[in-house]
1. According to a simple spin-label model (label point 7 Å from Cα along Cα-to-Cβ), what is the distance in nm between residue B:78 and residue A:49?
2. At 20 angstrom or more along the helix axis (alpha-carbon based) and mean Kyte-Doolittle of -1.0 or higher, what helices does chain A contain? Whole DSSP H runs only.
3. What is the extension gain from residue B:11 to residue B:63, computed as 0.36 nm multiplied by their sequence separation minus the C-alpha to C-alpha distance, in nm to one decimal?
4. I'd like the FRET efficiency for residue A:145 and residue B:36, computed as 1/(1 + (r/R0)^6) with the beta carbon distance as r and R0 of 35 Å, rounded to 0.05.
5. Based on Cβ point charges of +1 for Lys and Arg and -1 for Asp and Glu, what charge dipole magnitude is obtained for chain A about its Cα centre, in debye rounded to the nearest 20?
Amino acid sequence: MSPETLELELACLHAAAFGWAIACCAGDRAAAEDALQASYLKILDGRARFDGHASFRTWLFAVVRNTAAELWRRAALRRLLPLAVLDDTSDGRPDAATVLARADASRRLLAALATLPRRQREVLHLVFYQDLTISEAAAVAGVSLGTARTHYERGKAALKKLLKEEPE
Amino acid sequence: MTERNDSELSDRFRALRREDAAATPPFDATLAAARARRAARPRHRTGWLAAAAVVVAGVAVALLLTRPDRQAGTIGLATVRWEGPTDFLLVLPGDDLLRTVPHLGRVNLSILSDRRTP
C-alpha cells in the first residue's frame, strides 16, 4: 500500500480510531491523542504493516490497541523512576476537562464501563460504538470468537444491570 | 446473531460516539504531530541509551568496589603436597628400572647393590 493510500485510509477512519484510542486509554483524551500519533507514526514508518489478512479497520484498531498498551506500560515505568516528577505523564484516568465536557448519560455509561473487566469493555466498545461484528472485535482484541462472544454476553448483562442501578 | 440487539445500549454508545466525534482533533494536526514526534525520537533514544550506559557503568563500578580480595583466598597448589604415612610401602626395590630407559652395554649398579641385600 502506497503512503498516499495509507494516509487516505487513515483519514477516513480517523474519528473512529480516535474513539477507539480513548477507549483503550480509559477515557484519557491526551493519552488517546498520544497513542493515535504513535500508531500513525508506526504505520507511516512501516513498523506496522497491513498484510491484508483482516480489514484495514480491524488491523488499524489492533495497532492502536497495542500502541496504547505500550504507552501505558512506559508511562507506568516512568512513574516509578525518580525523574517522573519532571515528566507530565498520564495516570490512565480521564482528565478533568474530558469529564466536564461529557453529558450526564455518557458519564454514567463510561463510569459503568470502567467497572467492567478490560476485555468485556473492549468487546462492548467495538461492537456497540464501532459497529464491528463480534468476529471482528475478536480479531482486534486478539482473542478467539468464542471468548469474544462470552465477553460480549457477560459484559452486556453486567452493563445493563449497572445502568439500571444508576439513578436517572 | 445477538450483535447490537440492544437498542438502549446502542443509543447510549451512539451518543458517546457523537460527543467524541465533535472533539476529535483534525487528522492533519494529528499527522503533523506524529511527524514532529518522528523528528524528536532520536533524541529520546539517545537519552535512554545514555541513561542505560550510566546505569551499567554504575553497576560495574559498584561491583568492582565491593568485590572481595581474590588474592587472600587463593591456595598455591604447588606448595601443598600431602604425603600419606604409608607412602614408603609403595617404594619397591628396583623401581628405578621401571622409570628409566635402559641402555645397552651399561650395568646399573643400583640394581646390583639391591641384589646383594638379604
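1. Going by the 7 Å Cα→Cβ label model, 6.2 nm.
2. Those that clear 20 Å and a mean of -1.0 are A:29-45, A:56-80, A:145-165.
3. Answer, rounded to one decimal: 12.4 nm.
4. Approximately 0.30, to the nearest 0.05.
5. The calculation lands at about 700 debye.
Each reported figure results from applying straightforward, stated rules to the coordinates on display, with no laboratory input. What you are looking at is a predicted structure, and each value in this text was computed from that prediction instead of being measured. Every residue, glycine among them, receives a Cβ derived from its backbone with ideal geometry; neighbour counts consider all protein chains shown.
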